[in-house]
Amino acid sequence: MKIDNTIETFNSLLKRRGFIWGPSPEIYGGLAGFYSYGPAGMALKNKVLSLFRQELRAFGFGEVECPTIMPEIVWKASGHLERFIDPVLKCKKCDTMQRADKFLQDLFPDLMIDGMSYDKMEELIDKNNISCPKCDTPFEKIEEYNLMLKTEVGAGNIAYLRPETATTTYLLFNRLDQDARRQYPVKIFQYGKAYRNEISPRQQVLRMRAFDQFELQLFIGKEQEMDYEDFNEVKTYELPLLNWRLQEENIDIPNTISLEKALNDNILKKPAYAYCIYLGYYLTKILGYPEEVIRLRQHSPNERAHYADDAWDLEIKTNQFGWVEICGIHDRTEYDLRRHGEFSNQNFEVPMGQDPKNKEIPQILEIAFGPDRIIYTLLETAFNVEDGRINLKLNPTLAPNTVAVFPLVKNKESIRKIAIDVHKNLLKHRISSFFDAAGSIGKRYRRQDELGTPFCITIDYESLKDNTVTIRERDTMKQRRIEISKVPEVINDKLLNITP
RNA sequence: GCGCUCGUAGUAUAGUGGUAGAAUCUCAGGUUCCCAACCUGAGGACCCGGGUUCAAUUCCCGGUGGGCGCACCA
């Protein structure tokens, strides 16, 4: 097939090299919105997750894991049952579907549609003889479209697959409060699957019906939010911020300013929230995205989720899909804990300051990553074609294979033997090494370039004489000779120099 | 979900009312060796179901999946 610098070449690479396959199950024709990761994709994903876990330990976060299915009451309390079910109007004739509330709001800008009952909406439709905008046929009655996947647990207990991991983390609040010995902020993250019954999933893994979330939560006091110690360490960092007022003026170039200035200019309100924005940006940056493809975009007030007081998306610029949200940073206030306290009859007020009598429900700040979107955008931004050669310029620490080892020729037993020894020694040092003897040496280099392997070791005739091998770097294709005994050490050194 | 459009080896494609052709790929053997070389041999596909027909991968209908547009996107 043709190798050129196009999105088609990239899309076929994803499949050919075992990054992403689907929709799954492919042999049965596939189900829209479900994808599988191949070995290369999974290796990359695992390396991203490991890096995140390692970093978050350093930032003082603990990890939890909760069930992906929760009873109905949880989603009543969280507000998802109400907000994730959309009223829809279907035309009797042409089957066009409209979202009832939005449709009516557009027709009656002066009425307050939000919160109106379905009966009231029907009444409004009847009174005004509203019909399908396409074919002028009357609508069917309002139906519900539930974005949550419903299931039954045991006999007849209604439950839902979680539409986000965050809520399940909040349900542990009283445990976490004790576990952390009331040392606020309590910092917790959860990684796992979430499910949404998207009406029309498109854009590959960017909008799946079963997807990963990696969500960080800060449980924090109201006062602490405004006077947050850790913020001082990061306040001078400059971040590309595109606030909603800029967007309203049709400006889509972010303002790169320090967090301190953003607070002073009232773009951000709370130092602790600003810190979360920094943390989201930091975790994104260490994955190796170039600066120019990252921006932080604020939601306008009517774009925000039902629980959010402020919301910023961390977006990556892609060729295929434009700006893609890979992380959402939300100020969820005390909404979630208040609701779960109410619905479960628990008292979630805890003393947050010096005075044990002064109790409050903690605020929640959330940093929610979509690992699948990370994988896609990492691959797309790393994809390069240079003179007909595909080079996947992944961050070397994240590449599926760290090293590949080749015998220069496959039919010289002495050379092959050394190559296998070098390969095994690398594995012994727990360095991801891949052995390949098939095809010409050039072809083997190219195969690894397509996987983003940063280093290739080749054993040649000279190796037989002086115990040295060549190490070739992916981006420059330059090579130099090093001693066989030093191979793992050299690789580790190189990785260390690149690691953030 | 609606409309338009498309679905052929792993990948990207040609083509046909009488079951497919080249490329690349994969495997084996040979040869060469530091950037997709060459030779020999082999392997591999018409999205699913129904209909029309003597015969359907091809035509029709339905489903399903992709792309685009509309709607939706916590």
- Item | Farthest toward positive dipole pole in chain A [+1 Lys/Arg, -1 Asp/Glu at C-beta], among A:His299, A:Ile390, A:Leu218 | A:Ile390
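Got a sec? What order do A:Arg16, A:Arg416, A:Arg339 fall in by accessible area at 1.4 Å, biggest, i.e. largest, first?
Details: A:Arg16 100, A:Arg416 75, A:Arg339 50 Å².
Ranked from most to least accessible, the order is A:Arg16, A:Arg416, A:Arg339.
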- Query: Once the piece of chain linking A:Gln320 and A:Glu82 is laid out straight, how much longer is it, given 0.36 nm per residue of separation minus the C-alpha distance between them?
  - Reply: 82.3 nm
- Item | Rounded to 5, the percent of DSSP beta bridges in the stretch A:342-445 classed as antiparallel | 65
- Note on the structure: Once A:Lys417 and A:Thr6 are pulled to full extension, the length gained, defined as 0.36 nm per residue separation minus their Cα-Cα distance, is 143.9 nm
- Ignoring ligands, DNA and RNA, how do A:Asp227, A:Asp475, A:Asp436 rank by accessible area with a 1.4 Å probe, largest first? A:Asp227, A:Asp475, A:Asp436
- From phi via Karplus (6.51, -1.76, 1.60), per-residue ³J(HN,Hα) for the stretch A:218-233 in Hz, x at Gly/Pro: 10, 8, 8, x, 4, 5, 4, 4, 8, 10, 9, 4, 4, 4, 4, 6
- Query: Which percent of the accessible heavy-atom area of chain A goes to carbon and sulfur, probe 1.4 angstrom?
  - Reply: 47
- Cross-link reach from A:Lys424 to aspartates and glutamates, straight Cα distance under 18 Å and at least 8 residues apart if same chain, gives A:Glu413, A:Asp436, A:Asp460, A:Glu483, A:Glu489
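Roughly what % antiparallel, to the nearest 5, for the DSSP beta bridges in chain A?
Values: 74 of 87 bridges.
Antiparallel bridges: around 85 percent, rounded to the nearest 5.
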- Note on the structure: For the A:Glu152, A:Glu63 Cβ pair and Förster radius 30 Å, calculated FRET efficiency rounded to 0.05 is 0.50
- Message: Let me spell out the model: positive unit charges on the Cβ of Lys and Arg, negative unit charges on the Cβ of Asp and Glu, origin at the Cα centre of chain A. What dipole size does that give, in debye rounded to 20?
- Response: 2560
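Taking the solvent-accessible surface of protein heavy atoms with a 1.4 Å probe, what is the per residue accessible area of the stretch A:401-498 in Å²?
It amounts to 52 Å² per residue over the stretch A:401-498.
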- Query: Which lysines does A:Lys465 reach when only Cα atoms under 17 Å apart count, and residues fewer than 8 places away in its own chain are ignored?
  - Reply: A:Lys412, A:Lys417, A:Lys486
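The values are calculated or read from the model by the stated rules, or taken from the named source; none is laboratory data. If you're wondering where the values come from, they're calculated on a predicted model, not measured in any experiment. Note that we place each Cβ from the backbone using ideal geometry, even for glycine, and neighbour counts take in every protein chain shown. The protein model used for the area step is the full one, side chains on, heavy atoms only, and it has no ligands, DNA or RNA in it. Shrake-Rupley method; radii C 1.70, N 1.55, O 1.52, S 1.80 Å.
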